[in-house]
Structure formats: C-alpha cells, structure tokens
Amino acid sequence: MEYGFDRFLRDDELKSWLDDMAAAHPDLVSIESYGASHEGRDLRIVTVTDSSTGAHDTKPAMWVDASIHAKELTATVAACHLIHRLVTGYDHDDTVKRALQTRTFYIVPRVNPDGAERVLADSPRLLRSSTRSWPWTDGHEWPGLHVEDIDGDGRILQMRIADEAGAWMPHPDDARLMIPVPAEGSAAGTPRYRLLDEGRIADHDGFTVPTPRPVQGLDLNRNYPAGWSTSVPGAGDHPLSEPEIDALVRAMVARPNICGFNAYHTSGGVLLRPSSTRADSKLAPRDVWIWKQIGERGTDLTGYPSHSVYEDFTWDQTETMSGASDDWAYEHLGVFSWTTEFWDLVHAATGEKQSTHFWYVGPTDDQALAALRWCDEHQPDGYVDWAGFDHEQLGAIEIGGWDALFTWSNPTGDRLRDEVAPHADFAIHQALCSPQLDVVHVETTRIGGATWRVDVGIANIGWLPTDVSSHARKAELVAPITVELSSDDIEILDGAARRRLGQLEGRVALRFRSGHDGTPDRALVSWTIRGGVGTDIVIEARHPRAGQVTRTVALA
C-alpha cells in the first residue's frame with residue numbers, strides 16, 4: 001500500500017500499511033497485539049530494530065505512542081512517518097543505522113482506534129477520546145447541546161444565532177470571521193451573534209442552551225496512575241480503568257528496556273515535558289537540566305519550543321492536569337518523557353508562536369484574521385461561508401465558520417508530511433541519549449597451576465546513566481547491573497557466578513565534574529576460577545535499561 005503521509009488513514013488502511021512495512025522489512029520490523037480497545041479493535045505495537053545485532057529486549061529502547069485523543073489525527077501520521085524514516089534510512093543514513101543496531105524503537109501508531117474511527121467516519125463525531133459512555137454508562141443525554149453533523153455535509157462546523165446580546169460580531173475587515181465583542185460593547189447597528197458548535201439540542205426549553213459534558217466523557221490521558229484523581233474531568237472510574245490504557249501500561253512495564261518516552265498529540269507546535277503538577281523547583285535539578293538539554297536539541301531539529309506543562313501551560317496552578325502519560329512515565333518509570341503537540345495554525349499564518357495559554361483563551365483578533373486569510377490561500381475548505389439552516393430546535397440559524405478539525409487541530413495535504421517529518425530525527429536523538437552497556441575490558445591472569453583471575457571491565461558508553469534519571473536513582477526504580485561468568489569446564493572459587501554492580505553514570509555526568517572526570521561510568525569485577533588453558537568462558541553483562549552484552553574469551 002502506497003502512503004505519502006498526506007492524509008489520515010482509517011483503521012483498516014493503517015493495519016494494511018503496517019503489515020506491508022513488516023513484510024517488506026522483516027529484519028527490522030515486527031508487529032504484535034498488546035490488547036483490545038473498548039470496541040474490540042486490535043491494539044498494535046510496532047517494534048523496529050536491527051534483529052541481526054540482537055533481540056529487541058537486549059537493547060535500550062525509545063517508546064513513542066500516538067493519538068490517544070480521537071481527533072488528534074496528525075499524531076498517527078507522525079508515528080507512521082517515524083517507522084518509514086527508520087526503515088528507509090537504515091541503508092543510507094549512518095545515524096539511523098547506528099540507532100537500529102544499538103537501540104530499539106517501540107511505536108504505537110494509534111492508542112485509541114475507536115475514537116479515531118468515529119472522527120474519520122462519513123458522519124463524524126468529534127470525541128475527546130474513548131467511545132465508552134461515561135460517567136453515565138447508559139448513554140443518557142442530559143439537556144443541552146450535543147455536537148454532531150446536523151446538515152449531513154460530513155463536517156462539524158459552527159452555528160451562529162442572531163442575538164442582540166451575543167458575545168460575537170463580524171470582524172471589521174472580513175465579515176465572515178466572528179470575533180469577540182469588546183468589553184465596551186459594539187457600535188450601534190453592529191450585528192451580534194451567539195456561537196455554538198454544530199449540533200442538536202436535547203430537551204430544549206426554548207430559551208437556554210446548556211453545554212453538558214459529552215456522553216463519551218472520558219479523557220484517556222487522565223486515566224494513568226500518576227496523580228490520578230476523581231476531581232480531574234474524564235479520569236475514569238479508577239486508574240487504568242480503560243482497556244486502552246491498562247493494556248498500554250502493561251505493555252510498557254513488560255519492556256523494562258524503555259529509556260525514553262514521547263506521546264504524540266495535537267495541537268500547539270510545542271514539545272511539552274513534565275511535570276503537570278509540580279514546579280521545576282520541586283523536581284531533581286539535574287533531571288530538569290537534562291530535560292532542557294534534550295529540549296534544546298528538539299527545538300533545533302523541529303522548530304518547536306519546549307515547555308514545562310506546569311510552569312508554562314497551566315492556566316490555574318491550583319487546578320492541575322494530572323493522570324497524564326508523560327507524568328506517569330517519569331514518576332513511575334523514571335524516564336525522560338515528552339508530549340509533542342503537533343501543528344500551530346497561528347504560526348503557519350503569522351510566523352509567530354501562539355500563546356502558551358492558547359488552549360484557554362484562543363487566538364487574538366489579528367491571529368484569527370491571519371488564520372482565515374491563510375486558509376483562503378492554503379486550505380479553502382477550512383473556513384466555510386455562513387449559510388442559512390432551519391434547526392429543529394433553534395429555528396432559523398446559520399451554519400459555517402471554522403472546520404476546526406482540519407484547521408486548528410490538524411494540517412492537511414503536503415503540509416501534513418512537512419509538519420511531522422522533522423520529528424523522526426528528534427525521536428532518534430532521544431533514543432541515542434539512552435545508556436548503553438558494554439564489556440570494554442577482559443583480562444585473564446594465571447595465578448598458578450589451573451587457577452586464574454578473570455577481570456572484567458564494564459562501562460556505560462551512553463549519555464544518560466544506566467538508571468536514566470535522578471528520580472529513578474532516588475526512588476530505586478531500576479535494578480542494578482549484573483555480570484555473570486559461565487562455562488561447563490570451570491569452577492568458581494570465590495563466590496557466586498553472578499555479581500551485582502549497581503548503577504553507572506553516563507557521559508552527561510562528566511559535565512558536572514569540571515574536567516576531573518574519573519570513571520563513574522566504569523566498574524571492574526573479578527573472579528577466581530579453576531580451569532584448563534584454552535577453556536572458553538562466557539561473560540554476560542545485563543542491565544534492564546542499558547542492554548545486554550555477551551563476550552566469550554579463552555583462558556590464556
């Protein structure tokens with residue numbers, strides 16, 4: 001199946017494309033199911049690594065998942081493009097080849113297939129995430145607006161209702177565009193409107209239009225254990241109550257070699273990092289410094305600035321957004337985690353980044369006008385002229401305005417590929433930041449007769465420490481390095497064959513030593529053994545995150 005990363009794939013198409021990639025690159029790509037969605041769809045994880053240099057679970061790994069939120073379709077395109085970049089770059093890009101020879105990528109292209117299918121349907125529904133009815137599991141609709149395509153054109157736009165006290169009025173430079181009525185009011189004779197998302201009104205009383213939470217009120221990205229709370233909208237019945245998140249968490253925990261994490265979302269054109277609930281001053285200082293270092297490289301590669309969710313993106317820091325995947329990956333696993341929010345229409349239209357509080361306050365009048373003019377040139381269907389409609393409950397209204405799904409939330413066409421393409425290199429960079437175990441020194445010394453001393457030098461040749469973060473070190477989240485000596489033809493004279501070595505620093509630690517490096521990235525372990533000259537001994541070094549290395553040497 002040909003795919004140019006310029007459109008959004010339905011579930012069957014996505015499966016077909018992934019299967020074709022695995023069939024075309026069997027030495028690099030494998031696919032497995034890690035669970036089933038609420039509606040029974042297969043949840044799939046794609047593993048990408050050079051299998052000739054070791055099994056996937058013997059190498060440090062980077063985890064990427066996408067599209068936990070139903071309408072954030074660009075995220076799946078980015079995950080697919082990452083797979084494409086890895087497999088096509090293997091033969092001609094030395095960095096990609098090194099990454100696949102020494103690292104593993106675990107990629108979940110669509111965390112929430114049920115929701116995406118609803119959004120991509122001929123008659124779409126713009127859900128937040130899961131299709132499960134919650135908190136009212138019987139699907140009860142409370143009085144008020146329920147968003148849906150009521151005119152049957154396959155889009156969900158806006159409804160405007162003439163209202164002398166309405167909060168919206170036409171922009172003076174383009175009457176199609178609705179802008180907020182200023183605080184002092186509008187000039188006499190200015191038309192004013194009330195704006196609603198396109199939809200029907202349940203149990204309309206003829207005067208008010210409540211806006212209840214959708215029947216499908218879950219937010220799967222509030223269902224993770226970290227900071228889970230009943231006070232967070234959409235959090236579910238309990239942590240991991242939703243099958244998509246329960247399965248994903250179990251899949252990650254079953255892969256202890258994961259050293260980095262990125263969840264792909266839209267929109268905003270930013271790289272977000274934890275914490276969602278705490279200030280940087282409450283986190284380990286070295287972890288914050290490392291995050292900023294990785295973020296700077298991410299900005300260089302993608303053009304997206306990096307931000308702390310709590311410091312920069314939280315409108316009210318007494319009401320935090322907890323239960324999210326990136327917080328869980330850091331707090332419970334101790335890995336440096338990110339949320340990539342693809343696409344910034346304001347930036348596309350003006351060259352300036354939207355406000356970090358855009359999710360709360362929306363665009364300025366000038367930004368909205370620039371976005372409209374950009375759509376006129378690049379996405380003509382993105383803003384639809386207002387047209388009269390006889391609404392079953394509201395009577396004479398107009399439908400038109402923004403097709404938000406394909407303007408504010410997602411780019412389309414060639415811009416889609418251009419938007420996601422640079423982020424593959426950021427994922428590769430994150431993977432190559434991980435620790436990497438190696439056996440760099442082996443010496444056998446004959447003590448006398450058939451007695452030998454075997455010295456083995458272990459090193460972390462990666463950038464991050466073997467346990468990845470200061471938080472992981474303090475909380476003892478990661479098991480230590482073990483080194484084991486084995487052979488059928490030797491006897492170990494001084495204790496156990498398997499030894500524990502603790503954790504090793506990576507190159508990043510040397511930045512804090514002012515040129516007095518020492519060897520915090522190395523450890524030496526020794527055995528006294530009895531064996532004959534020429535006997536082969538096997539040395540196996542293991543670490544749950546930094547990988548596994550095996551060396552065979554002969555006593556000589």
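The values are calculated or read from the model by the stated rules, or taken from the named source; none is laboratory data. Computed from a prediction, not measured in an experiment: that's the story for all the values here. Glycine gets a Cβ as well: all are built from the backbone with ideal geometry, and neighbour counts include every protein chain shown. Just so you know, the surface numbers come from the protein's heavy atoms only, side chains and all, with ligands and any DNA or RNA stripped out. Shrake-Rupley method; radii C 1.70, N 1.55, O 1.52, S 1.80 Å.
Observations on the model:
- Length gained on full extension, Asp57 to Asp455: 140.6 nm, using 0.36 nm per residue less the C-alpha separation.
- Residues of segment 407-430 with amide N under 15 Å of a point placed 7 Å along Cα→Cβ from His171: 407-408
- As a length-normalised measure over Cα pairs under 8 Å and 6 or more apart, the relative contact order of the chain settles at 15 percent.
- 19 Å cut-off, amide nitrogen to a point 7 angstrom out along Ser526 Cα→Cβ, residues in segment 457-493: 457-459, 483-486, 491-493
- Cα centroid of segment 281-302 to Cα centroid of segment 110-176, whole Å: 37 Å
- Of the DSSP H helices in the chain, those with a Cα length along their own long axis of 24 Å or more and a mean Kyte-Doolittle hydropathy reaching -1.0 comprise 285-302.
- When Trp168, Trp315, Trp452 are compared by accessible area of protein heavy atoms, the largest-first order is Trp315, Trp168, Trp452, using a 1.4 Å probe.
- Taking other residues whose beta carbon is less than 12 angstrom from the beta carbon of Val249, and scoring Lys, Arg as +1 and Asp, Glu as -1, yields -2.
- Taking the 1.4 Å solvent-accessible surface of segment 70-213 as the whole, the part contributed by carbon and sulfur is 49%.
- Bridge type composition, the chain - antiparallel percent by DSSP, nearest 5: 75 percent
- For segment 276-383, relative contact order (Cα pairs under 8 Å, six or more residues apart, normalised by length) works out to 19 percent.
- Formal net charge of residues neighbouring Pro113 (Cβ-Cβ distance under 14 Å; K, R +1; D, E -1): -3
- Full extension of the segment from Thr299 to Asp376, taken as 0.36 nm per residue of separation minus the current Cα-Cα distance, would add 24.8 nm.
- Only one item in [x] 174; [y] 137; [z] 149 matches volume of the Cα convex hull per residue in Å³ derived from the coordinates shown, and that item is [x].
- Separation in nanometres of the label points that stand 7 Å from Cα toward Cβ, at Asp385 and Glu476: 7.2 nm
- Exceeding the 32 Å Cα-Cα cut-off - candidates Lys282/Lys353; Lys15/Lys353; Lys15/Lys59: Lys15/Lys353
- Shape summary: segment 417-556 maps onto an equivalent ellipsoid whose semi-axes, from the alpha-carbon gyration tensor, are 35, 17, 14 Å in decreasing order.
- The residues of the chain have, on average, 42 Å² of accessible surface per residue, using a 1.4 Å probe with all protein chains present.
- Classification of segment 208-363 by its C-alpha gyration tensor yields an oblate form. The axis ratio a/c (a ≥ b ≥ c) is 1.5 or more, and b/c is at least a/b.
- Spacing of the modelled spin labels on Ser229 and Asp27, each 7 Å from Cα toward Cβ, amounts to 5.2 nm.
- Added length on full extension, which subtracts the Cα-Cα distance from 0.36 nm per residue, Asp197 to Glu319: 41.3 nm
- Segment 258-316: C-alpha gyration tensor shape, a/c 1.5 cut-off, then a/b vs b/c: oblate
- Its residues counted as N, segment 206-290 yields a C-alpha radius of gyration over 2.2 N^0.38 Å of 1.41.
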